[in-house]
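Every number here is computed from the coordinates shown, using simple stated rules; none is lab data. Predicted model, so just to flag it, every value in this text is computed and none were measured. We place every Cβ from the backbone using ideal geometry, glycine too, and count neighbours over all the protein chains shown.
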């Protein structure tokens, strides 16, 4: 149902492969058409994907498994304004949180947690976009 093609791009940034990375990809593959998924391990490629033309909507998920992962993304924070960003952080220390909040996230979770809530938020974001695009196709009276 939700895997219909709609003008959305799922942009995933993660420098490390592993269990969390695979879980996120598995869930994304159930929500998005393969052509809508954009996976990046380098910050420069990630930033280009964020501004790539041709997609009305973007959902961005950043898996920052370490402080250095978060530091790689910070120079591109201006590109993330008014975009739905989900952040998965390495810890909840004050410095980490201050830097993370400068990325304007809609949702924050932590690497140590299971990803159930991240998946629920992601699914809700996709449903919202899907409803909006369906609504735009209907003729106005």
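Some points to look at:
- Evaluated at q = 0.24 Å⁻¹: base-10 log I(q)/I(0), Debye formula over Cα of segment 54-100: -0.91
- Label-reachable residues, segment 17-41, where backbone N falls under 16 Å from a point 7 Å from residue 48's Cα toward its Cβ: 38-41
- Our estimate of slack between residue 120 and residue 104, defined as 0.36 nm per intervening residue step minus the Cα-Cα distance, is 3.8 nm.
- For segment 8-135, the Kirkwood hydrodynamic radius comes to 14.6 Å, computed from all pairs of different C-alpha atoms.
- Helix 19-31 and the long axis of the chain differ in direction by around 10°, with both axes built from C-alpha atoms.
- Cα convex hull of segment 32-75 - mean projected area over all directions, nm²: 3.5
- Residues residue 81 and residue 131, FRET efficiency given R0 of 30 Å [Cβ-Cβ distance, rounded to 0.05]: 0.80
- With contacts taken as Cα pairs under 8 Å at a separation of at least 6 residues, segment 8-135 carries a relative contact order of 25 percent.
- Over the chain: helical MRE at 222 nm, DSSP H runs n ≥ 4 each giving -39500 (n - 2.57), nearest 500: -13000 deg cm²/dmol
- Cα-based helix-to-principal-axis angle, 116-137 vs the chain, degrees rounded to 10: 30
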